[in-house]
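Please treat every number below as a calculation from the coordinates, not as lab data. Small disclaimer: the values here were computed from a predicted structure and weren't measured. No Cβ is skipped: glycine too gets one built from the backbone with ideal geometry, and neighbour counts run over all protein chains shown.
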Amino acid sequence: MKKNWPILVVDDEEVMCESMAAWLREDGYHVDTAPNGQKALELARAADYAICFVDLKMPGGMDGIETMMEIHRIRPEASIIIITAYATVDTAIQAMKEGAQEYIVKPCNPQEISMLVSRILKLKKLQSENAILRKKLTRQYRHHDVITKNPRMEEILALTQEVSSLRSTVLIRGESGTGKELIARAVHFSGNRADKPFIVVSCAALTETLLESELFGYEKGAFTGATAQAKGKFELANGGTIFLDEIGDISAKLQADLLRVLQERRFYRVGGTQEVEVDVRVIAATNKNLAEEVQDGAFREDLYYRLNVIEIRLPPLRERREDIPLLAEHFVQRISSELGKDVAGISEDALKMLIAHDWPGNVRELENVIERALVTCHNGNLSEQDFSWLQHGNAQPEGWEVPDVPLGELERRAIVAALERKHGNVKEASSALGIDRSTLYDKLKRYQITH
Amino acid sequence: MNELCLVAIGNVPGNALQWIENATAEWFPLPIRCLPSLPIPNGAYDAKRGQYQSVEFMKMLVRSAPPDASRVLGVTDVDLAIPMLSFLFGQAQFDGPVAVVSLCRLHQQFYGLPEQESLLRERTVKEALHELGHTFGLVHCSEPTCAMSLATHIELVDAKAEHYCERCGLKLVQRFARGE
């Protein structure tokens, strides 16, 4: 384990180098020594040292500070410990300013060195763990996780790659369940903001005042219950990306506030008097036709153009039916391992049935359907039988007459009925209706349904 | 052939080599021989620090080692140090033929307390096993009671047992079984 953290000792005195190296080798480290700066740089180019002990005073050629600065240039990750025989405040300050992590006066207590080395390595271990985890996280959202062979989707993926490192606002349009958030994540995690926060705000789920404090934060005493200052999502996303889902649902006042943030990159916290400046990339999504909303006067035209710098329109699943078998196989693999089920795949007939289905809830609906089928499946393969309920749901029940009412009223009744069946549970009702929660909230608002 | 040699450097307490011989016989399947004492090496004394440079002791041990010695452990009563560290309980060539142990800071007297021979014996044995362990390729052990754990002050020496932990002991056995 310790062998993974090689150490370099640089000192013109051979006794000092060798005795120090011997002492560290007893602790299990791989240690190299160098009698001067030149040799140290040569070694640093060849090996990735975790720690370099560098003597401050070395006669002739490079001194300790110069050596340290050069090592730092070659190996910015290496921790450098400056060794000196005489403690002077000036040199200590200079060494630390030039990037030394520690400064020790020889001879020092064995315990001091031992603790110093283990403290630095503990930090390094955490740093490398962190880097590995970040890499894993980034990998989760790489483009190839969007499963498709549809030419239009492939064009969209190429576009997300092109725009990933820009700061321009992206507007993603698409029906519920088409994967708008997945595309937003793909944009964020393949760009230069990947190691910064990606913050999601579902605009439809919150009331105007809640959304305002959610987005911009608030000062202590801004309203009853604001007992301390709180940062909003824009501040939390600083340096990274904010994803505003269901942007078509925000009020006129919030539209104005948002426009200001997009124009000036600054805002006030609720109840605040000091401006907060942020560097945030905005990705917005909606299932509405914002251009129509603008014409109807429901959405500000200037905000629409600010948001619509780069537009990505995701096709519904029924327009990319060739992806259904790929997606279905993918969900079977993923969900069956999550559920601990030993299901290998889907039969031809079942696939045909899935391809023929209309998928109003898009990819999310397909995922839910596969999960439901897997839960009840008792064979090694999903068959037509496992999806029989889907066909029933699709077909028009016998003897059911469509009442003579506007379409909106039909939708309202369906929602009320679903809520009643699910005892007011919005999550379950939305999944039964094949729409997502925020869409259901939006419809509840529109039809003024209280639940 | 392949002896483990013990040698006093300068004056050391009368029984020190005997204590070490008894303890090492348990762990190392090698004939043990006590060599005639050696003098404190010239030039080892650092007047500025009032201590002795350990490296000079190691060099002398390498020079004077009998040709049939597998390992040579020097034992001294003077205070050892290296340029970087303020003191050492001992030093070894990692996986090499020589090591040295200083008894200076193992005496209770060093800490202003009345001398206690039994405690000196225990500490001497622990440090001798520790340095010899290094010469046979053992690195510091994370088990605080193992003779191979790193002691940077006397309390940590006292926390150790007079033997290796199971893991370190097994490594030694395996090494000897391989005939190294």
note = Between B:Arg33 and B:Lys59, the FRET efficiency computed from the C-beta separation at R0 = 22 Å comes out, to the nearest 0.05, as 0.55
message = Using Cα-Cα distances under 8 Å and only pairs 6 or more residues apart, what relative contact order does the range B:3-139 have, in percent?
response = 25
request  = Quick one: divide the alpha-carbon radius of gyration of the range A:143-315 by 2.2 N^0.38 Å and tell me what you get.
outcome  = 1.04
query = Taking the alpha-carbon set of the range B:3-139, what are its Rg and Dmax in Å?
reply = 14.0, 42
key: Distance histogram for the range A:293-427 (every C-alpha pair counted, 5 angstrom bins, percent rounded to whole numbers)   = 2, 8, 14, 14, 14, 14, 13, 10, 6, 4, 1, 0
task = Round to the nearest 10 and give me the degree value, 0 to 90, for the angle of helix A:14-25's Cα axis relative to the longest principal axis of chain A.
result = 40
Principal semi-axes in Å for the protein assembly as shown [√(5λ), Cα gyration tensor, largest first] = 73, 32, 22
key: Share of Cα-Cα pairs in the range A:1-66 lying beyond 17 Å, as whole percent   = 36
message = To check my understanding: the extent here is largest minus smallest coordinate of the Cα atoms along each principal axis. What are those three numbers for the range A:51-183, in Å, largest first?
response = 71, 31, 22
inquiry  = Beyond a 27 Å Cα-Cα separation, which of these cross-linked pairs lie in this structure: A:Lys422/A:Lys445; A:Lys39/B:Lys171; A:Lys220/A:Lys445?
reply    = A:Lys39/B:Lys171; A:Lys220/A:Lys445
Whole-Å distance, taken between Cα centres, linking the range A:402-451 and the range A:258-276 = 36
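Among DSSP beta bridges whose residues both lie in the range A:123-280, state the antiparallel percentage, nearest 5.
Of those bridges, close to 40 percent are antiparallel.
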message = Please check: in the Gaussian network model of chain B (C-alpha springs, under 10 Å), which one of B:Gln93, B:Gln116, B:Gln108 has the largest mean-square fluctuation.
response = B:Gln116
request  = Would you mind checking the tilt of helix A:110-140 against the longest principal axis of the Cα atoms of chain A, expressed as 0 to 90 degrees and rounded to 10?
outcome  = 30
request  = Find, to one decimal place in angstroms, the Kirkwood hydrodynamic radius of the range A:75-130, where the mean of 1/r is taken over every pair of different Cα atoms and then inverted.
outcome  = 12.3
key: Between 0 and 90°, nearest 10: helix A:151-163 axis offset from chain A longest Cα axis   = 40
message = At q = 0.17, 0.24 Å⁻¹, what log₁₀ I(q)/I(0) does the range A:318-394 have when each alpha carbon counts as one equal point scatterer in the Debye sum?
response = -0.56, -1.17
query = Are any of the pairs A:Lys125/A:Lys231; A:Lys180/A:Lys427; A:Lys124/A:Lys196; A:Lys196/A:Lys253 more than 24 Å apart by Cα-Cα distance, and if so, which?
reply = A:Lys125/A:Lys231; A:Lys196/A:Lys253
Compactness index (Cα Rg / 2.2 N^0.38 Å), the range A:292-362 = 1.71
query = By a straight-distance test (C-alpha under 22 Å), which lysines pair with B:Lys59 as possible cross-link partners, with residues fewer than eight away in the same chain excluded?
reply = B:Lys48
Rg(Cα)/(2.2 N^0.38 Å) for the range A:407-446, N = residue count = 1.00
message = Only four residue types carry charge here, +1 at the Cβ of Lys and Arg and -1 at the Cβ of Asp and Glu. Report the dipole size of the protein assembly as shown about the Cα centre in Debye, rounded to the nearest 20.
response = 260
task = Kindly give Rg over Rh for the range B:81-162, based on alpha-carbon atoms, with the Kirkwood expression for the hydrodynamic radius.
result = 0.96
request  = Can you find, among A:Met68, A:Ile82, A:Ser114, the residue farthest towards the positive end of the dipole of the range A:2-135? Put +1 on the C-beta of Lys and Arg, -1 on that of Asp and Glu.
outcome  = A:Ser114
